[in-house]
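Everything below concerns the one structure shown next.
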Amino acid sequence: MGSVGIDLSLKESATTSNGDKLIIKQTQKWANKLAVAQRAKNKKRVKAIHAKIKNTRLDLIHKFTTKLVKDNSLIVVGDVKSRSFTTKKTKLAKSTYDAGWFELKRQLEYKCKHAGCQLEIVNESYTTQTCSYCLKISDSSPKGRAGLGIRGWTCAECGIWHDRDINAAKNILAVGLDRLAVGIPSV
Ligand SMILES: [Zn+2]
């Protein structure tokens, strides 16, 4: 049984420290169908499509969480409450973000409980900026709002290339493992 860290991104996706990704963003197929039904003012069809989108998302989250709980005895997730949403755009994103991640955490909580898997929620501060290999915060790491668009970067300190989200997930896992090692009780 393994241990895994999960980074929740603003773009309706989650990335694990093993490199697995969950994307629950609405697909173009459904967006197109929805637009057609809305133009036709077909309320029944619009409602049905919304339900279908919701079910598809739920199904994706279920598959993702089931696999995580099956493969791991420890799951560490960053506490997104510590994140700030300052710009208009990020505030807007926050509502979809909250809905999706609330469901993801809800599923992890009950599935972990059932399977005897340990779930840790940790402070995710600096998990994006820190290099998971050399543990330094180099000049080249993604920081602040400017760093939001960076998908990959090379650590200026040790020269390792990182996928931004996988690196963050690795750091989140490390925070969880550290906390367990020193015996700080979970919140
Ligand atoms: Zn480094």
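The values are calculated or read from the model by the stated rules, or taken from the named source; none is laboratory data. Quick caveat, the model's predicted, so the values are computed rather than measured. Glycine also receives a Cβ, built like all others from the backbone with ideal geometry; neighbour counts cover every protein chain displayed. Keep in mind that these areas ignore ligands, DNA and RNA; they rest on the heavy atoms of the full protein, side chains included. Shrake-Rupley method; radii C 1.70, N 1.55, O 1.52, S 1.80 Å.
Among the residues of segment 146-156, those identified as under 15 Å from L135 (Cα atoms) and either more than 12 Å from the ligand (Cβ to nearest atom) or surrounded by fewer than 16 Cβ atoms within 10 Å (Cβ to Cβ) (or both) are T154, A156.
For D139, the requirement of being acidic (D, E), more than 18 Å from V80 (Cβ to Cβ) and more than 16 Å from the ligand (Cβ to nearest atom) is not met. Within segment 122-131, the only residue that satisfies the criterion of being under 14 Å from L177 (Cβ atoms) and in contact (Cβ under 8 Å) with a residue 60 or more places away in the chain is T127.
Taking (1) farther than 23 Å from K67 by Cα; (2) within 14 Å of the ligand (Cβ to nearest atom); (3) open to solvent by less than 30 Å² (accessible area, probe 1.4 Å) in turn, N167 satisfies each apart from (1). One residue alone among K54, K81, K70 is open to solvent by 70 Å² or more (accessible area, probe 1.4 Å) and modelled with pLDDT of 95 or more, and that residue is K70.
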